[in-house]
Amino acid sequence: MNAVLQQDLNDFENILNQAKEQGIAFLNNLEKIPTSTTKSIDPNRNLNSLGLGSLATLVEFKERLAPLMVASPGPRYLGFVTGGSTPASIVGDWLASVYDQNPQALKGQGGTSALIEFETIHLLLQLLDLPTTFSGGFVTGATMSNFTCLGVARQWFGAQSGKDFAKNGISETINILTATPHSSSVKTLAMLGIGSNNYTTIKTVEGNREAIDLIDLEKEIKNLNGKPFILISSAGTVNTADFDDFIAIAKLREKYKFWWHIDAAFGGFAAVSDKFKHLTVGWEGADSITIDCHKWLNVPYESAFFLVKKEHINLQVETFQNSNAPYLGNALENFNYLNVLPENSRRLRALPVWFSLIAYGKTGFQDIVENSVSLALQFGDALLEDGNYELLAPIRLNNVCFTLKGDYNQEKVGQFLTQVNERGNVFMTPTVYQNKKGIRASFVNWRTKEDDIKIIIEELKTVFKII
Ligand SMILES: *Cc1c(COP(=O)(O)O)cnc(C)c1O
């Protein structure tokens, strides 16, 4: 063994303890660490011939790289839809690296850690009150989950006319209908060879809504003259957290033939709370659902899962079967993750989620969701009370979409937000909503408290005075 590796092996415990110290210093300081930075490094570092060993590398990390880290898992990072990491989720994530398993098959030789992934999906279905008619697995993010689900949808579409697109390529136009797709679904259409331009945009419900207009949807369905289609619907749009009417969509299935996909990346967690569960009623009728865990479940990146109805398992295997895989027989009985999703080798990505669900239970996540929504509403009230802001949409769940009051201030919105973000005490994302420049604050972090709202409002006041 190489001498440096041997030294590290002898010193393993000490090395991990030092890494823990480094981690604790960050986590205990999270409230004070800035949410943005202008620090940078020269990334053209030369590779050493002789390695430094882990301890010296930790020192270099601490000096050169750690200063680049912003408080994105902290309580006032409201940009995009960014969750933090709970203690249990970090334990699961660390141990996933330590145990370094490659979950694939449920039985047989060489490891059965896939059972842990199965159990975790089973726990998630209970958390979200979804039926066991879904099977699921972990991927890196909602983008890959959308890719997985829509990949199976693509195969389903071909099968409607006896074609196998996975084997032979796409040989006809795939009809996609959607109202307010997340940019990642559009990207997925590009990756799947469907084409990012090739979807029909359905109107949204009138009255400042992002949900699909069912009358326009049915009109476009009729234009297809009985041809099958794929519907991409939303459980939580990013700007205004709007939800499509799933009961009405489920009814359409009695009349028309379509694959129904729901992007519930963060909004799916509404189902955890009795207060917001009504938003997801009927979603169990979908063929596939995308949900992120690195957002509202507050586990570290990269964690998301897909749910696809078990009845579609053969289509799923046709789409993702590894060509080296042995004959499968019954794909559910001889289940192997390698055959149902994009990756072959993969880490035990379920473990952070497993730890989180066992550690905090349904109530833990219900409290996180309800606290986030309550804070979003408080933030909205505080903005209105301040008088210099207006909401661009009602606060339906955890996302607040607002702007500077008055059209004459539109040109200042960008500069205002840049300055707010630069100060590093809060981070929010610019957006455009209904042709207006706006700002989006998304509340999903388990650490955010009422005091943070006060700090954020003070930050906004300070910058408002100087722009
Ligand atoms: C965040 C998000 C995505 C993309 O998720 P990643 O985890 O960044 O890949 C997709 N859809 C919605 C609704 C989202 O909020």
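The values are calculated or read from the model by the stated rules, or taken from the named source; none is laboratory data. In this text the structure is predicted, and so the values were computed from the model without any measurement. Note: ideal-geometry Cβ built from the backbone for every residue, glycine included; neighbour counts use all protein chains shown.
Please find, among I439, I395, the residue that is assigned to a loop (DSSP other than H, G, I, E, B), β-branched (V, I, T) and within 27 Å of A265 (Cβ to Cβ). Result: I395 is the single residue among I439, I395 that is assigned to a loop (DSSP other than H, G, I, E, B), β-branched (V, I, T) and within 27 Å of A265 (Cβ to Cβ).
Residues are listed down the side, and each one gets a yes or a no for (1) assigned by TED's automatic domain parsing to the domain that holds T237; (2) of a type in the set (F, W, Y); (3) more than 16 Å from the ligand (Cβ to nearest atom):
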{"site": "G158", "(1), (2), (3)": "yes, no, yes"}
{"site": "S161", "(1), (2), (3)": "yes, no, yes"}
{"site": "F165", "(1), (2), (3)": "yes, yes, yes"}
{"site": "T178", "(1), (2), (3)": "yes, no, no"}
{"site": "S183", "(1), (2), (3)": "yes, no, no"}
{"site": "G195", "(1), (2), (3)": "yes, no, yes"}
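Does I313 count as within 16 Å of the ligand (Cβ to nearest atom), of a type in the set (A, V, I, L, M, F, W, C), outside any loop (DSSP other than H, G, I, E, B) and in contact (Cβ under 8 Å) with a residue 24 or more places away in the chain? In short, no.
Restricting attention to segment 258-280, the residues being crowded, with 24+ Cβ neighbours inside 10 Å and assigned to a loop (DSSP other than H, G, I, E, B) number 3. Checking the stated criteria, S135 turns out to be more than 24 Å from S273 (Cβ to Cβ), in a strand (DSSP E or B) and either at pLDDT below 95 or away from the ligand (no atom under 16 Å from the Cβ) (or both). The residues of segment 239-257 that are surrounded by fewer than 24 Cβ atoms within 10 Å (Cβ to Cβ) and either outside any helix (DSSP H, G or I) or near the ligand (Cβ under 10 Å from one of its atoms) (or both), listed by number, are N239, D245, R253, E254, K255, Y256, K257. Within the span defined as segment 403-414, every residue fails to be touching a Leu at 6+ places or on another chain (Cβ under 9 Å), in a helix (DSSP H, G or I) and without any contact (Cβ under 8 Å) to a residue 12 or more places away in the chain. Taken together, the criteria exclude I358 from residues that are within 16 Å of the ligand (Cβ to nearest atom) and either aromatic (F, W, Y) or not in a loop (DSSP other than H, G, I, E, B) (or both). Is it the case that some residue within segment 287-300 is without any contact (Cβ under 8 Å) to a residue 60 or more places away in the chain and surrounded by fewer than 24 Cβ atoms within 10 Å (Cβ to Cβ)? No, segment 287-300 contains no residue that is without any contact (Cβ under 8 Å) to a residue 60 or more places away in the chain and surrounded by fewer than 24 Cβ atoms within 10 Å (Cβ to Cβ). Residues of segment 291-304 include none that is over 30 Å from S97 (Cβ atoms) and either assigned to a helix (DSSP H, G or I) or among the basic types (K, R) (or both). If you go through segment 147-154 one residue at a time, do you hit one that is more than 16 Å from the ligand (Cβ to nearest atom) and at pLDDT 95 or above? Yes, segment 147-154 contains at least one residue that is more than 16 Å from the ligand (Cβ to nearest atom) and at pLDDT 95 or above.
Number of residues in segment 215-238 that are farther than 17 Å from C149 by Cβ and either touching a strand residue (DSSP E or B) at 6+ places or on another chain (Cβ under 7 Å) or surrounded by 18 or more Cβ atoms within 10 Å (Cβ to Cβ) (or both): the value is 5. Screening I232, I221 for residues that are of a type in the set (V, I, T), touching a Phe, Trp or Tyr at 6+ places or on another chain (Cβ under 9 Å), under 20 Å from G158 (Cα atoms) and more than 16 Å from the ligand (Cβ to nearest atom) leaves exactly one candidate, I221. For segment 105-116, the criterion of being assigned by TED's automatic domain parsing to the domain that holds V340 and within 16 Å of the ligand (Cβ to nearest atom) is met by none of the residues. Based on this model, can you work out whether W283 counts as surrounded by 24 or more Cβ atoms within 10 Å (Cβ to Cβ), among the aromatic types (F, W, Y), over 15 Å from N146 (Cβ atoms) and more than 10 Å from the chain's Cα centre (by Cα)? Here the answer is yes, as W283 does meet what is asked. Condition check: closer than 14 Å to G136 by Cβ and either surrounded by fewer than 20 Cβ atoms within 10 Å (Cβ to Cβ) or within 16 Å of the ligand (Cβ to nearest atom) (or both). Does S323 satisfy that? No: the conditions fail for S323.
Here is a yes/no grid of residues against (1) surrounded by fewer than 22 Cβ atoms within 10 Å (Cβ to Cβ); (2) without any contact (Cβ under 8 Å) to a residue 60 or more places away in the chain:
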position: R347; (1), (2): yes, no
position: V353; (1), (2): no, no
position: L375; (1), (2): no, no
position: L383; (1), (2): no, no
position: N399; (1), (2): no, no
position: L417; (1), (2): no, yes
position: K436; (1), (2): yes, yes
position: S442; (1), (2): no, no
position: T448; (1), (2): no, no
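Checking each residue in segment 189-203 for being buried (at least 19 other Cβ atoms within 10 Å of the Cβ) and touching a Ser or Thr at 6+ places or on another chain (Cβ under 7 Å) picks out L189, Y199, I202. Among residues of segment 251-276 that are without any contact (Cβ under 8 Å) to a residue 60 or more places away in the chain, those with a beta-carbon under 6 Å from a residue that is surrounded by 16 or more Cβ atoms within 10 Å (Cβ to Cβ) and part of a helix (DSSP H, G or I) at least six positions away or on a different chain give the pairs Y256/I221; I262/W283. Would you say S72 is part of a helix (DSSP H, G or I), under 13 Å from P300 (Cα atoms) and within 16 Å of the ligand (Cβ to nearest atom)? Considered against the rule, which asks whether it is part of a helix (DSSP H, G or I), under 13 Å from P300 (Cα atoms) and within 16 Å of the ligand (Cβ to nearest atom), S72 comes out as no. The set of residues in segment 147-177 being buried (at least 22 other Cβ atoms within 10 Å of the Cβ) and out of contact with any helix residue (DSSP H, G or I) (no Cβ under 7 Å at 6 or more places or on another chain) consists of T148, C149, A153, F157.
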